[in-house]
Amino acid sequence: MSSSSSPDAVPGDLPAEVVALLDQPRYETELGDPVDVRSVRVACAAVENPDPRCWDDEVAEAVAGSVVAPATSLSAWIRPLPWSPSEPNPPGVLPLHDELKVRLGLPHAVMSECAMTFHEPVRVGDRLRGRQVLRSISEPVTTTLGSGRFWSIDLEVRNQHGELAGVERYTAFAYEDVPPPDEPFDAERFSDDFDDFDDEGDDVGDDVADLARGDAHEGTS
């Protein structure tokens, strides 16, 4: 997918209110507390990251002007807390993604790709803010999961100076409920098919057939 949707690339069947979301910053959030050295080192310790810019104050000061956060923790600094007294039910990590699912009637989704681009390092003391931008959305697509659409959302993170720290791009496939099969499941036919694989002296076929019929075998778990 392209990084941004041009007018020619916008599917013609999209609702106008969804088209209006393209390339528009949404859901701006700001970290209430500054990035702190303890949290930086906890994040590094969790994955045994030995980067001296995170652990050695002298090296960090010489190289980056301060201890820096590991690059892969970028969006962690602007994610909402799972609970707080003032907001016991915070929004999800990607509310723009959730909004698109509702607007397009696509209740299920999987993330198919996440790409990260790093710019200015995140330093101890930074106050970060993020925003989400819908960059592209596909024509209707049918996959083995069902019928739906792909879309890409950028999560942009900036520091208190307005400098871009990095971008996480999420590509998702959202899809509708798969209709039930035309024919109901036939347990007897299913068990008969497995009986064909039951060689002499091998009771695997019988076990599977009995399970399909709902019978239980003593001594099995």
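For the residues A115, A69, A43, A76, the requirement of being more than 18 Å from E163 (Cβ to Cβ) and touching a helix residue (DSSP H, G or I) at 6+ places or on another chain (Cβ under 6 Å) singles out A43. Give the residues of the stretch 26-38 that are under 24 Å from G92 (Cα atoms) and either touching a Pro at 6+ places or on another chain (Cβ under 7 Å) or surrounded by 13 or more Cβ atoms within 10 Å (Cβ to Cβ) (or both), sorted by residue number. Within the stretch 26-38, R26, Y27, T29, L31, P34, V35, D36 meet the criteria.
The residues listed here are R53, R41, R103; of these, the one that is touching a residue at least 12 places away in the same chain (Cβ under 8 Å), more than 17 Å from the chain's Cα centre (by Cα), crowded, with 18+ Cβ neighbours inside 10 Å and outside any loop (DSSP other than H, G, I, E, B) is R53.
Among the residues making up the stretch 107-156, a single one is under 27 Å from P11 (Cβ atoms), among the aromatic types (F, W, Y) and either in contact with a Lys or Arg (Cβ under 9 Å, 6 or more places away or on another chain) or surrounded by fewer than 16 Cβ atoms within 10 Å (Cβ to Cβ) (or both): W151. Among the residues of the stretch 114-164, those that are assigned to a strand (DSSP E or B) and polar (S, T, N, Q) comprise T117, Q132, S136, T142, S147, S152.
Of the set (1) surrounded by 14 or more Cβ atoms within 10 Å (Cβ to Cβ); (2) modelled with pLDDT of 95 or more; (3) not hydroxyl-bearing (S, T, Y), all apply to P90 but (2).
The values are calculated or read from the model by the stated rules, or taken from the named source; none is laboratory data. Because the structure is a prediction, the values reported are computed rather than measured. Virtual Cβ from ideal backbone geometry, glycine too; neighbours counted across all protein chains shown.
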